[in-house]
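The values are calculated or read from the model by the stated rules, or taken from the named source; none is laboratory data. Since the model is a prediction, treat every value here as computed from it, not as a measurement. Please note: Cβ atoms are built from the backbone with ideal geometry, for glycine as well, and neighbour counts cover all protein chains shown. Note: areas computed on protein heavy atoms with side chains; ligands, DNA, RNA excluded. Shrake-Rupley method; radii C 1.70, N 1.55, O 1.52, S 1.80 Å.
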Amino acid sequence: MFSALKQKSLHVRVFSLAFPMVLSNITVPLLGLVDAAVIGHLDHAWYLGGVAIGSTMIAVTFWLLGFLRMATTGLTAQAWGADDKTGLANVFLQGITLAWLLAFIILALHPFISNAVFSFSDASAEVKRYADEYFSIRIWSAPAALTNLVIMGWLLGAQNAKKPMLLIILVNLVNIVLDLLFVVVFDWKVEGAAAASVIADYSGMVLGLFFVAQVWKKSSLPSPITQWKKASAGMSRLAKLNRDIFLRSLCLQMAFTFMTFQGATLGDDVVAANAVLMNFLMLVSFAMDGFAYAMEAMVGKAIGARSRQELLESLTATTFWSLIISLMITVAFLLGGKSIVGVISDIPAVREQAYLYLPWLIAMPMVSMWCFLLDGVFIGATRGREMRNTMFFSMAGFFVVWWLFSGTGNHALWAAMLGFMALRGVTLGAVFVYQWRRGQFLLQA
């Protein structure tokens, strides 16, 4: 198994898939910073508050539908490994069909979604007004945003991470430029920020479809016009996989949401410190997500080719580099954690609170890398049921740990989060070992 680490081509393959996704991830917080800077310089705070709430509603909505990318990546990678041209065409066409169906449902329901969310919010009338204004414009990017998820998943499954990276970078750069133009130059305020994001998503969709057409032609796939009707016959497998990944993502969101809201009950300094420390978790996510994406593509391809050797090599090389990166992040947090906190916040009380809980974040990279990697393994293997069931168990464990340590205040929340990440890795690892020993893992789910 370890002899695979001597293969230079294998390491190059891992980084050719992982690095572009890490690089594209970096542009996401850059967009958030520009949004905040542009809107934050308007004459009233409620503009920034409205955009913050509205963009969070959009982010959560689209993030919960991230199963479109994950399921598409796994199924595409398997078809690619099996050299199944019809399968490659079907996965893309099925994904696009489902994406547009969901987009139209969201567009039809968006007034009810905003009303329901704002009924639970204690924000001022002005903040709610501008949040609703932002949300009502931004939601019209749903068809493009969901299409982009399918495009990125399909290209990544086709072992190409460079094109998804270019797509993400283009979306964010267009968004930034139009933010400055619409808000600063044209003074369109909240409407300008929302419109910039909508145009950026559709710009990304156009570029993404161009990339898909290139791969389609190069791979000599069947005509999408003649294949579309046939593709609809296999929708049940995709729908089932998407359902399981959606439930898994919903549990993940519940854990993070609970941590945010429960932290808010512990005081302003604590919730601010948690917000600062969540940036550490974001850094871990940026690094590990890239290798998880590489794992998805490589595992799916190996399973499609029914190659145990290729699967073993993919697991070995990706795990090796994930360990190296996790160790580097751990050392960086250990030696420079306080400095990073100081860069994010200059408020003494917030800094002091953040220092108290920093040890939990120092432990996070080595503990959480396993759940990121194993998520990639199970997505590549299209085993959504196992991901769903282990997430149910891990979420229950999150609340049990929090309850057991609830007398320790905010330490209980971070203990629960660390335990949650550990349980996700342990449970997925146990299922993987069981299925591997029984020879089931190379079988398509």
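Computed quantities for the displayed model
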| quantity | calculated |
| --- | --- |
| Residue match in the stretch 125-141 (condition: open to solvent by 50 Å² or more (accessible area, probe 1.4 Å), in a helix (DSSP H, G or I), without any contact (Cβ under 8 Å) to a residue 60 or more places away in the chain and under 16 Å from Val198 (Cβ atoms)) | yes |
| Helices (runs of 4 or more DSSP H) contained in the stretch 8-108 and holding at least 1 residues surrounded by fewer than 16 Cβ atoms within 10 Å (Cβ to Cβ) and modelled with pLDDT under 80 | 8-40, 45-64 |
| Scan of the stretch 403-426 for residues that are more than 22 Å from Trp370 (Cα to Cα), open to solvent by 10 Å² or more (accessible area, probe 1.4 Å) and part of a helix (DSSP H, G or I), ordered by number | Trp403, Leu404, Ser406, Gly407, Thr408, His411 |
| Number of the condition not met by Asp346 [criteria: (1) over 18 Å from Cys251 (Cα atoms); (2) in a helix (DSSP H, G or I)] | (2) |
| Selected residue (only one of Ala239, Ala275, Ala213, Ala255 is in a helix (DSSP H, G or I), touching a helix residue (DSSP H, G or I) at 6+ places or on another chain (Cβ under 6 Å) and of a type in the set (A, V, I, L, M, F, W, C)) | Ala255 |
| The stretch 216-237 residues that are within 18 Å of Leu68 (Cβ to Cβ), paired with ones that are open to solvent by 90 Å² or more (accessible area, probe 1.4 Å) and part of a helix (DSSP H, G or I) (beta carbon under 9 Å, 6 or more apart) | none |
| Residue that is in a helix (DSSP H, G or I), modelled with pLDDT of 90 or more and within 15 Å of the chain's Cα centre (by Cα), where the choices are Ala302, Ala332, Ala287, Ala294 | Ala294 |
| Residues satisfying the stated conditions in the stretch 216-247, i.e. open to solvent by 20 Å² or more (accessible area, probe 1.4 Å), over 13 Å from Val91 (Cα atoms) and not hydroxyl-bearing (Ser, Thr, Tyr) | Lys217, Lys218, Ile225, Lys240, Arg243, Phe246, Leu247 |
| Some residue of the stretch 348-370 being closer than 21 Å to Arg69 by Cβ, open to solvent by 10 Å² or more (accessible area, probe 1.4 Å) and out of contact with any strand residue (DSSP E or B) (no Cβ under 8 Å at 6 or more places or on another chain) | no |
| Selected residue [out of contact with any Gly (no Cβ under 6 Å at 6 or more places or on another chain), surrounded by 20 or more Cβ atoms within 10 Å (Cβ to Cβ) and either within 14 Å of Leu88 (Cα to Cα) or not small (Gly, Ala, Ser) (or both)] from Phe261, Phe256, Phe286, Phe211 | Phe211 |
| Residues of the stretch 147-196 that turn out to be buried (at least 18 other Cβ atoms within 10 Å of the Cβ), without any contact (Cβ under 8 Å) to a residue 60 or more places away in the chain and among the charged types (D, E, K, R), as a count | 1 |
| Filter result for Gly409 (within 17 Å of Phe258 (Cα to Cα) and either at pLDDT below 95 or of a type in the set (A, V, I, L, M) (or both)) | yes |
| Residue among Phe392, Phe378 that is in a helix (DSSP H, G or I) and open to solvent by 20 Å² or more (accessible area, probe 1.4 Å) | Phe392 |
| Test: residue in the stretch 436-444 that is open to solvent by less than 50 Å² (accessible area, probe 1.4 Å), touching a helix residue (DSSP H, G or I) at 6+ places or on another chain (Cβ under 9 Å), among the aliphatic types (A, V, I, L, M) and outside any helix (DSSP H, G or I) | yes |
